[in-house]
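What follows is a single structure, written as structure tokens, with notes after it.
The values are calculated or read from the model by the stated rules, or taken from the named source; none is laboratory data. From a predicted model like this one, the values you see are computed outputs, not experimental measurements. As a convention, Cβ positions derive from the backbone with ideal geometry for all residues, glycine included, and neighbour counts pool all protein chains shown. Heads up: the accessible areas ignore ligands, DNA and RNA and are worked out on the full protein's heavy atoms, side chains in. Shrake-Rupley method; radii C 1.70, N 1.55, O 1.52, S 1.80 Å.
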Amino acid sequence: MKILQDLTYEELSLLTAAAGEKPFRAKQLFEGLMQGKKISEIPIPVSFRAALLSEYEDEPVRVREVFTSKDGTEKYLFELWDGHLIESVFMHNDYGNTQCVSTQVGCRMGCKFCASTLGGRLRDLTAGEMLAEIAVVNRRAGGGLKDRKVTNVVLMGSGEPFDNYENVVKFLRLLTAEGGLHISARNISLSTCGLVPEMRKFALEGIPLNLTVSLHATSDEERRRTMPIANRYSIAEILDACALYFEKTGRRYIFEYSLIEGENADMVHAFSLAKLLKGRPCHVNLIRLNPVKERKLKGTDEETAKRFCKALTDAGISATIRRSMGADIGGACGQLRAKYIEDRGPADVK
Ligand code: SAH
């Protein structure tokens with residue numbers, strides 16, 4: 001079965017015309033899907049609906065469970081049409097609401113501190129599946145296309161977005177398209193572990209979002225200890241690709257740096273990070289490592305994080321500590337899915 005949410009408005013128009021239906025049906029379908037509706041809920045002629053349902057999934061992404069944290073953060077466990085599970089987080093901020101979406105089922109990048117990668121990558125998500133994650137949450141939160149409840153989107157859930165490049169770019173075009181959810185690229189952040197060729201290619205796509213790179217180390221040697229991708233690309237190549245992104249889009253870029261005790265969180269690391277990034281149009285997001293049961297690494301205490309942050313800002317580097325939300329419900333990448341599978345047994349879910 002195929003996924004109707006994968007289609008752009010133009011593609012839906014062609015499909016509608018080929019089915020001999022009036023042109024306004026394409027708009028009706030596009031808007032209905034963007035509003036998070038199932039095909040069977042959109043008021044189109046019965047015969048057209050039946051024809052669509054014989055080829056397309058009625059509900060490719062359905063809510064399996066929602067966990068609500070004390071701070072109001074909601075963690076969604078979605079079941080895909082083929083039984084795979086993915087997770088997504090919906091956070092409430094003063095300036096709006098941010099949804100964090102998954103881009104793959106699992107991940108094959110192998111970062112030592114990350115739960116998403118524990119079982120490897122099972123499959124890529126399609127553009128329409130990623131879009132449906134948002135459309136479904138927006139609808140459940142009472143939002144529509146004009147009065148959106150999801151105002152910001154971050155591609156920071158499970159998966160490496162640039163390991164699923166074509167689908168992710170199509171998803172971003174659907175998400176920012178007029179007439180749909182129409183979320184501005186400025187309100188979207190994409191986080192990559194640093195796939196340099198795709199970063200360079202993305203700079204030319206004309207999508208000026210907040211490019212975020214998981215750095216987590218100040219030298220290639222250190223980085224290789226926790227991130228296997230560092231064996232393929234150097235920090236110097238990553239910085240070059242970031243500079244290209246800035247040149248093409250005018251957007252400053254962001255580095256994520258998860259503080260790991262005894263690994264990358266000493267003052268000497270703060271100084272070398274400052275030296276590395278000095279003069280670049282960037283911001284550093286410090287994250288206190290979320291302990292993952294299956295991994296041995298530990299985060300730092302709050303004081304160390306504050307000291308690290310101050311050393312950066314004193315050296316003229318823009319830096320903040322990321323607020324941790326939803327920690328009580330397994331906030332970090334892949335934790336919820338991993339726990340769910342552990343609790344119910346792998347036979348029950350994929
Ligand atoms: N694959 C992309 C998207 C993941 S985004 C990437 O690597 O950037 C999620 C961010 O959280 C990344 O910076 C990731 O390295 C980081 N992360 C993963 N597990 C974590 C953990 N247990 N604690 C803190 N940060 C973590």
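Annotations
Rundown of residues vs (1) assigned by TED's automatic domain parsing to the domain that holds residue 30; (2) hydrophobic (A, V, I, L, M, F, W, C); (3) within 21 Å of residue 285 (Cα to Cα), yes/no style:
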residue: 83; (1), (2), (3): no, no, no
residue: 93; (1), (2), (3): no, no, yes
residue: 122; (1), (2), (3): no, yes, no
residue: 131; (1), (2), (3): no, yes, no
residue: 148; (1), (2), (3): no, no, no
residue: 168; (1), (2), (3): no, yes, no
residue: 179; (1), (2), (3): no, no, no
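- Test result for residue 106, over 24 Å from residue 145 (Cβ atoms) and exposed (fewer than 14 other Cβ atoms within 10 Å of the Cβ): no
- Across the range 249-260, the qualifying residues are those that are in contact with a helix residue (DSSP H, G or I) (Cβ under 8 Å, 6 or more places away or on another chain) and open to solvent by 10 Å² or more (accessible area, probe 1.4 Å), and the one among them that is farthest from residue 215 (Cα to Cα) is 251.
- Helices (runs of 4 or more DSSP H) wholly inside the range 155-248 that include at least 2 residues being crowded, with 23+ Cβ neighbours inside 10 Å: 165-176, 196-202
- Taken as a whole, the structure leaves residue 274 outside the set of residues that are buried (at least 19 other Cβ atoms within 10 Å of the Cβ), touching a Leu at 6+ places or on another chain (Cβ under 7 Å) and part of a loop (DSSP other than H, G, I, E, B).
- From the options 74, 133, residue that is open to solvent by 20 Å² or more (accessible area, probe 1.4 Å) and not hydroxyl-bearing (Ser, Thr, Tyr): 74
- One residue alone among 148, 121, 139, 186 is over 20 Å from residue 74 (Cα atoms), away from the ligand (no atom under 16 Å from the Cβ) and of a type outside the set (Gly, Ala, Ser), and that residue is 186.
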